[in-house]
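The values are calculated or read from the model by the stated rules, or taken from the named source; none is laboratory data. Note that this is a predicted model, so its numbers are computed, not measured. Positions of Cβ are backbone-derived with ideal geometry, glycine not excepted, and every protein chain shown enters the neighbour counts.
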Amino acid sequence: MSGIELADIMSGYSICRNTQFARIFYRLQLIEAYGTEMPKIFKVYQSIGLASKIEITPNVLKISLPNTRVATNPASETHTLNSDERVLELARDLGVISRKDVERLLEITQTPVGRILKNLVEVGSLVKSGNGKNAKYLSP
């Protein structure tokens, strides 16, 4: 929207492009009030030590939010210790885990779970038994 700047957005000011949708979302309780979400979103990310990014041009409002479920480094495909530690704790607690167990634990899809498990096997933190969907993982 023309005439709105980053400082306006971060202070809670908003201009609705489609007031009918905004009213519907408000009535469905999908939003609390107009303009309050951006400061809340950025505050939550700051509280957990992650940086979100917002860019504004005359034609674009771009918001980049970090993925809090699995953070990867595309160059090395390593994952946050938090995810790895949670998977290892699950393996210790259950004795044997499957890919599906990790998907449920981390609430992420098959592909990133596969990367996490592969990495943990490669570094010797888990031992893989079997292949494909029947693969199981255990602590060494």
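Data overview
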{"item": "Residue that is modelled with the lowest pLDDT, among those in segment 97-138 that are outside any helix (DSSP H, G or I) and surrounded by 16 or more Cβ atoms within 10 Å (Cβ to Cβ)", "result": "Ile108"}
{"item": "Residue in segment 44-59 that is at pLDDT below 85, in the same structural domain as Asn134 (by TED's automatic domain parsing) and either of a type outside the set (Phe, Trp, Tyr) or out of contact with any helix residue (DSSP H, G or I) (no Cβ under 6 Å at 6 or more places or on another chain) (or both) present", "result": "no"}
